[in-house]
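> Take a look at this one; I'll ask things after.
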Amino acid sequence: MDFSDYKGIYVVAEVRGGNVEKVTGELLGEARKLAASTGDPVEAVLIGSGIREKASELIAWGADIVYVIDSPLLAHYDGKAYEKVLGGLLKEKKPSAILFAATPYGRDLAPRIASAVVCGVTADVTELSVDEKTGLIVWSRPAMGGNIMADIISPLYRPQVGTVRPGTFDLPEADASREGRIVDVPADLTEVDLGTILKEIIPAPKEENPIEEARIIVAGGRGIHSEEEWAMLHELADLLGGSVGASRPICELGWEPHSSQIGQTGKSVAPHIYFGFGISGAMQHMCGVKADIVIAVNRDKKAPIMEMADYAVAADLKEFLPAFIAKVKELRDR
């Protein structure tokens, strides 16, 4: 099939509370890397109400063109309305690829758009690359229960569409001197186009130190056998100024909320230092970890995480944690 008319790597910006979410910058930074191989321009779509001034942020992060769809009816996300305005634009522009964030927003909107332009969606992508022979984007994600990484391509349809997990890629340094073009796109909408009627917004409790923003993460897994031991991870995290993360079994026990879960069915994190206490290192968990330094403590010397770690300690957590906490306190007192 001839796809010569399909050009450009598009990023659909995510706006919350009138501000562009950090993940948008992450996607634009990665889109620029892909574009260096494909030769495509990087273009972004900004949807909302009173958000035109935010377009310059997207240019600073790497967008060459920003399409702004601004309407009071788009102040809050509505799948039906967003599908109409975005789908219409994408049918006209024919992008080669579209990146969405794998957030509730992106996970709802991406399949709607894929249905509108007739293509597929690769969900929860954790790696992106370009195949040298075909120029196709390779969307990589955990599969088979997280036991393998699947590389997915779309040779027969355009655009190529995927949702990318927040925190997977680094946030590029914004360059305020970058030049780009802002294009206003009219939103042909009436209230009839809305799928829901918003009555009230009830804000969720704000996390004091969310793991996706933490520089230090103290995480635990199946090797923690009691709530008393788990409390020591919180004590250590407080001493280090970090956040507590968990593998899925810990959250299922109710020792930690789902918002602290790291991995395939949780969050992706990119701290400077990641401590893994009693974590085996299964792909389901480690696919969500992108740390500068990994420190693992596990009784099992052959646990996969011990080979992945920059520093590995074979020890019983019942003995190690109290001693380590005491040492940290001693160093702080000095």
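No value in this document is a laboratory result; all are computed from the given coordinates. This one's a predicted model, so the numbers in the text were calculated from it and none came from an experiment. Counting neighbours? That spans all protein chains shown, and the Cβs are built from the backbone with ideal geometry, glycine included.
> Dimensions of the stretch 211-333 along principal axes (Cα, Å, largest first)?
Extents along the principal axes: 38, 30, 29 Å.
> Compute the relative contact order of the stretch 9-193 as a whole-number percentage, counting only Cα pairs closer than 8 Å that sit 6 or more residues apart in sequence. All intermediate terms of the calculation are to be shown ahead of the outcome.
Values: 384 pairs, mean separation 52.1, N = 185.
Taking the mean separation of contacting Cα pairs over the length of the stretch 9-193, I get 28 percent.
> Quick one: Debye curve from the C-alpha atoms of the stretch 190-242, no solvent, what's log10 I(q)/I(0) at q = 0.13, 0.16 Å⁻¹?
So the normalised log intensities work out to -0.54, -0.64.
> When only Cα pairs under 8 Å and 6 or more residues apart are kept, what is the percent relative contact order across the chain?
Values: 707 pairs, mean separation 48.0, N = 334.
Answer for the chain is 14 percent.
> Let me ask something else about it. Could you state, as a whole-number percent, how many of the C-alpha pairs of the stretch 221-268 are farther apart than 14 Å? Show your work: numbers first, answer last.
Numbers: 529 of 1128 pairs.
I get 47 percent for the Cα pairs in the stretch 221-268 exceeding 14 Å.
> Let me test this: with uniform point scatterers at the alpha carbons of the chain, what is the Debye-based log₁₀ I(q)/I(0) at q = 0.15 1/Å?
Log10 of I(q)/I(0), two decimals: -1.20.
> Take every Cα pair under 8 Å in the stretch 211-333 that's 6+ residues apart, average their separations, divide by the length, and report that relative contact order as a whole percent.
Details: 260 pairs, mean separation 29.3, N = 123.
In percent, rounded to a whole number, it is 24.
> Report the net charge of residues surrounding P172, where surrounding means a beta-carbon distance below 10 angstrom and charges are Lys +1, Arg +1, Asp -1, Glu -1. Numbers along the way, then the final one.
Numbers: positive: R32, K33; negative: E26, E30, D170, E173, D175.
Once positives and negatives cancel, what remains is -3.
> For q values of 0.14, 0.15 Å⁻¹, compute log₁₀ I(q)/I(0) with the Debye formula on a Cα-only model of the stretch 9-193, without solvent.
At q = 0.14, 0.15 Å⁻¹ the computed log10 ratios are -0.72, -0.83.
> Lysines within cross-link reach of K302: Cα-Cα under 27 Å, excluding same-chain residues under 8 positions apart?
K267, K290, K318, K327
> Then there is this: ³J(HN,Hα) across the stretch 108-120 via Karplus (A = 6.51, B = -1.76, C = 1.60, θ = phi - 60°), whole Hz, x for Gly/Pro?
8, 6, 4, x, 4, 5, 4, 5, 5, 9, 6, 7, x
> In bins 10 Å wide, starting from 0, what share of all Cα pairs of the stretch 78-166 does each bin hold, as a percent?
17, 48, 29, 5
> Among DSSP beta bridges whose residues both lie in the chain, state the antiparallel percentage, nearest 5.
On the way: 11 of 56 bridges.
Around 20 percent of the beta bridges assigned by DSSP in the chain are antiparallel ones.
> Mean projection of the alpha-carbon convex hull of the stretch 1-84 over all orientations, in nm²?
Values: hull surface 24.9 nm².
About 6.2 nm², averaged over all directions.
> From the C-alpha coordinates alone, can you work out the Kirkwood hydrodynamic radius of the stretch 142-193, in Å? Show your work: numbers first, answer last.
Working: mean 1/r = 0.0598 Å⁻¹.
It is 16.7 Å.
> Can you sort F169, F324, F3, F275 by how many other beta carbons sit within 10 Å, fewest first? Provide the component values of the computation, followed by the final result.
Details: F169 23, F324 19, F3 14, F275 27.
The order, fewest Cβ neighbours first, is F3, F324, F169, F275.
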